[in-house]
Amino acid sequence: MTPTVNGVIRIEGVTKRFGEVVALDNVSCEVRENEFLALLGPSGCGKTTLLRAIAGLEQPDAGHIFIDNLSQDGRAPYERPVNMMFQSYALFPHMTVADNVAFGLKQDGLRGDALAERVREALARVEMEALAARKPQQLSGGQKQRVALARCLAKRPRALLLDEPLAALDKHLRERTQLELMALRERLGITFIVVTHDQDEAMGMAGRVAVMDKGRILQVGTPRELYDRPLTRTVAGFFGHMNIWEGTVETPDRVACAVGAVRVAAPLPRAGARVAVAVRPEQIALQAVAGQSGENHFAGTVADVVYGGTISTYFVLREGQRIRVVRQNGAGPAFERGAAVTASWPAAAVRVLAP
Ligand SMILES: Nc1ncnc2c1ncn2[C@@H]1O[C@H](COP(=O)(O)OP(=O)(O)O)[C@@H](O)[C@H]1O
Ligand SMILES: [Mg+2]
């Protein structure tokens, strides 16, 4: 593979097994300079293992990791220009905040004024200078996290690896901390790789998201790309709701599904192939017209309405087929339960997904 200018971290074909478990299955990914990348996926999909492999805490069974185009094969964690913040923060309970931050720097041989200055700088970055003399048990969850962050930053890494940094915080702190992490990354101008299993969190803070499942990266993209153009059913199902219908390709732009004929703007595989097509609920229009048929039209009855303040979700039913539609309240007519309606959507809104 040719080196690229932007890829600060390059993961090439990394596989990691624990006995029978394949924690990472031939993972390749490029992490860009100064980006905020979220690793998103369900519990057990290999997120922590991937971070640990980048940090040098796990040795891959196959594949390579490059940082600044330099192979990290055989390099110990402390030799790598990255730092990992653990889910548990892993602070030393008997040491003060300042000593916790100084610990790694001392191991690197830093002493005296130089050491004190680096500790002060790191604590200042997270606004924790005033609490330098405290012990971890005298800190709130949010403050502990800042100390853990300061300890990572003290070594001035090229990239910070954060494992579920918001998981231990209560709900109202989470949103604030999310914004703080984004601001911190911009101030520092370094790369953040953040693990999360929460799609809203990933979408809200990351510039790009890598969606993982069962040891693999399924798709990498901006939140908008993943939402608008998922490539697989798994990714489509991960972000919000989607109507997904399986069908058979009839013509280059038409798929026969149980909900009727669906016309597609994107190119389709050959006639006879099985595909899944998908439409976001907010891309579907509702009209108070009964029985209108044809491509991309579905006539049925409103089986349920879920009122949600700014939006309402309608479930339109016909012969066991159900379509989910989201409409903005006040922007058009409202529909009652039992109303005869026709749902319709443009061909351009239809995504063709791999199973
Ligand atoms: N040290 C280990 N020994 C045995 N199995 C492990 C070890 N670390 C992780 N695993 C397994 O590897 C898989 C991926 O784990 P992990 O990377 O921790 O997932 P995630 O962080 O996405 O929840 C899981 O099945 C987990 O049980
Ligand atoms: Mg984990």
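Each reported figure results from applying straightforward, stated rules to the coordinates on display, with no laboratory input. Because the structure is a prediction, the values reported are computed rather than measured. Cβ coordinates were reconstructed from backbone atoms using ideal geometry, including for glycine residues, and neighbour counts include every protein chain displayed.
Some values worked out for this structure:
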item: Karplus 3J(HN,Hα) series, Hz, for the stretch 281-289 with 6.51 cos²θ - 1.76 cosθ + 1.60 (x for Gly, Pro); result: x, 7, 8, 9, 8, 10, 10, 7, 10
item: R0 of 30 Å, Cβ-Cβ distance Ala261-Asn329: FRET efficiency to nearest 0.05; result: 0.45
item: Burial order of peptide ranges 341-354, 267-280 (average beta-carbon count within 10 Å, highest first); result: 341-354, 267-280
item: Per-pair calculated FRET efficiency, R0 = 22 Å: Ala167 and Phe18 via Cβ, rounded to 0.05; result: 0.50
item: The stretch 241-353 pair-distance distribution - Cα-Cα, 10 Å bins, rounded %; result: 15, 47, 28, 9, 0
item: Cα long-axis angle, helix 97-107 against the chain (0 to 90 degrees, to the nearest 10); result: 70
item: Spacing of the two label points (7 Å from each Cα toward its C-beta) at Gln107 and Arg270, in nm; result: 5.8
item: Percent RCO, i.e. relative contact order, over the stretch 7-232, from Cα pairs under 8 Å lying at least 6 residues apart; result: 29
item: Filtered GluC sites (Glu not before Pro), the stretch 1-80: DSSP coil and at most 16 other beta carbons within 10 Å; result: Glu20, Glu33
item: P(r) histogram, all alpha-carbon pairs of the chain included - 10 Å bins from 0, percent; result: 5, 21, 24, 20, 15, 10, 4, 1, 0
item: Set of lysines near Lys47 by C-alpha distance (under 18 Å), chain-local residues within fewer than 8 positions excluded; result: Lys16, Lys214
item: Sequence-distant aspartates and glutamates (8 or more away, or on other chains) whose Cα lies within less than 14 Å of Lys135; result: Asp99
item: Ala133 versus Asp200: modelled label distance in nm, points set 7 Å from Cα along the beta carbon direction; result: 4.2
item: Zone residues, the stretch 233-266, relative to Glu295, backbone N less than 20 Å from point 7 Å out along Cα-to-Cβ; result: 244-266
item: Distance (nanometres) between label positions extended 7 Å along Cα→Cβ at Asp73 and Leu188; result: 3.0
item: Whole-Hz couplings from phi, Karplus 6.51/-1.76/1.60, listed for the stretch 194-203; x for Gly and Pro; result: 10, 8, 8, 10, 10, 5, 5, 4, 4, 5
item: Rounded to the nearest 20 debye, dipole of the stretch 7-232 from Cβ charges on Lys, Arg, Asp, Glu; result: 460
